[in-house]
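Take a look at the structure set out below.
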Amino acid sequence: MAEVRGKKGWGAIGLTICLLAWGLAGGHELARADEVGKVVKLDGRAWSDRITGQRNFPLGIQSKIFMRDKIRTDRNSRLRIRFADRSLISMAPDSSLNIDRYVYDPRGRARDSVLRLLGGKIKAYVNDLTGYRSRRFRVETPTAVLGVRGTIFLVWLVDIDTTGICALEKEVGVRNVDGPPREVILKPRWFTRVRRGQAPDPPEPVPREILEKIHDNLFPDDDWRTSSPWSGGSSY
């Protein structure tokens with residue numbers, strides 16, 4: 001009987017090990033499923049705070065970006081992320097960007113992304129994904145919400161109460177994050193500000209010298225005349 005009990009004991013242990021192994025594998029698959037992009041360009045230093053609780057994880061070229069990462073660039077540092085749908089985000093120095101949601105389903109022909117800019121400036125090159133049934137790409141700041149499907153634009157925080165937005169290609173819809181519901185549509189090379197609790201300012205065209213100025217401290221190939229700095233292959 002002792003031998004039989006021993007076999008049962010080892011069987012229970014074996015089952016526990018199998019369940020643990022399955023759980024770890026499942027966790028690994030989940031981590032892979034949550035991977036949404038990679039760092040493709042870096043000048044200086046940048047870090048990510050991760051949902052696992054890991055803080056100040058140093059980013060480098062080819063570092064993986066995961067959903068719910070909180071990404072920060074150092075002073076005088078720049079970072080570019082290439083997402084799974086081939087959209088690009090360039091972050092200026094001293095910027096903070098949260099990847100709140102990034103779901104890309106090429107089989108289902110859908111994208112659903114929400115990024116949150118908490119400081120600094122980004123330039124976004126959003127893949128149009130023509131023919132997809134859903135292409136939502138949204139950027140939020142403390143004062144503004146931008147909704148696009150495929151375009152190029154800049155967003156920056158003038159201060160905690162004011163956001164600047166400039167469309168560079170196609171149209172960008174802009175409204176206040178929690179104020180009046182009125183939305184303005186920016187045409188290419190038009191600009192607006194969104195102040196806390198107020199509807200966006202009336203759009204106005206941006207002169208060339210201002211376009212050049214708001215591109216300061218981004219990468220050289222983020223020039224305002226650039227349709228896309230990416231020239232790589234099909235895999236992200």
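The values are calculated or read from the model by the stated rules, or taken from the named source; none is laboratory data. Predicted model, so just to flag it, every value in this text is computed and none were measured. Note: accessible area is taken over every heavy atom of the protein model, side chains too, but ligands, DNA and RNA are not part of it. Shrake-Rupley method; radii C 1.70, N 1.55, O 1.52, S 1.80 Å.
Which value, in Å² rounded to 10, gives the accessible area of ASP112 with a 1.4 Å probe and all protein chains present?
Counting only protein heavy atoms, ASP112 exposes about 40 Å² to solvent.
When only the heavy atoms of the protein chains count and the probe is 1.4 Å, how do ARG189, ARG82, ARG45 rank by accessible area, highest first? List each step's numbers first, then the result.
Values: ARG189 110, ARG82 0, ARG45 140 Å².
Putting ARG189, ARG82, ARG45 in descending order of accessible area: ARG45, ARG189, ARG82.
Over the stretch 55-205, with the other protein chains present, what is the accessible area per residue in square angstrom, probe 1.4 angstrom?
Values: 6560 Å² over 151 residues.
Ligands and nucleic acids excluded, the result is 43 Å² per residue.
For LYS121, which aspartates and glutamates qualify as cross-link partners when the Cα separation must be under 15 Å and same-chain residues fewer than eight apart are set aside?
Once the sequence-local aspartates and glutamates are set aside, what remains near LYS121 is ASP74, ASP94, GLU140, ASP159, ASP161, GLU212, ASP216, ASP222, ASP223.
Considering amide H positions built from the backbone, and no H for Pro or chain starts, which residues 5 or more places from GLU169, or on another chain, come under 5 Å of its amide H?
HN-HN under 5 Å from GLU169: ILE152, ARG189.
Between their Cα atoms, which of LYS64/LYS170; LYS38/LYS213; LYS41/LYS123; LYS70/LYS187 are more than 24 Å away from each other?
In this structure, LYS64/LYS170; LYS38/LYS213; LYS70/LYS187 exceed 24 Å between Cα atoms.
Under the Karplus relation 6.51 cos²θ - 1.76 cosθ + 1.60, θ = phi - 60°, what is the ordered set of whole-Hz ³J(HN,Hα) values for the stretch 197-202, x standing for Gly and Pro?
x, 10, 5, x, 4, x
Show me the three semi-axes of the equivalent ellipsoid for the stretch 54-131, from the C-alpha gyration tensor (sqrt of 5 times each eigenvalue), largest first, rounded to whole Å.
Working: eigenvalues 106, 35, 25 Å².
The answer is 23, 13, 11 Å, longest axis first.
Shape verdict for the stretch 49-192, please, from the Cα gyration tensor: rounded (a/c under 1.5), prolate (a/b greater than b/c) or oblate.
Details: a/c = 1.64, a/b = 1.13, b/c = 1.45.
It is oblate, given that a/c is not under 1.5 and a/b is not larger than b/c.
With just the Cα atoms defining each centre, how far is the stretch 157-180 from the stretch 98-143? Give it in Å.
15 Å
Probe 1.4 Å, all protein chains in place: accessible area of ARG50 in Å², nearest 10?
In the full protein context, ARG50 sits at about 40 Å².
Show me, for the stretch 63-69, the HN-Hα J-couplings you get by feeding each phi into the Karplus relation (A = 6.51, B = -1.76, C = 1.60, θ = phi - 60°), rounded to Hz, glycine and proline as x.
Ordered by residue, 3J(HN,Hα) equals 4, 7, 10, 10, 4, 6, 5 Hz.
Residue by residue through the stretch 72-86, which ³J(HN,Hα) values in whole Hz follow from phi under the Karplus form 6.51 cos²θ - 1.76 cosθ + 1.60 (θ = phi - 60°), with glycine and proline marked x?
Here the 3J(HN,Hα) series is 9, 9, 7, 4, 6, 10, 10, 9, 10, 10, 10, 8, 4, 8, 6 Hz.
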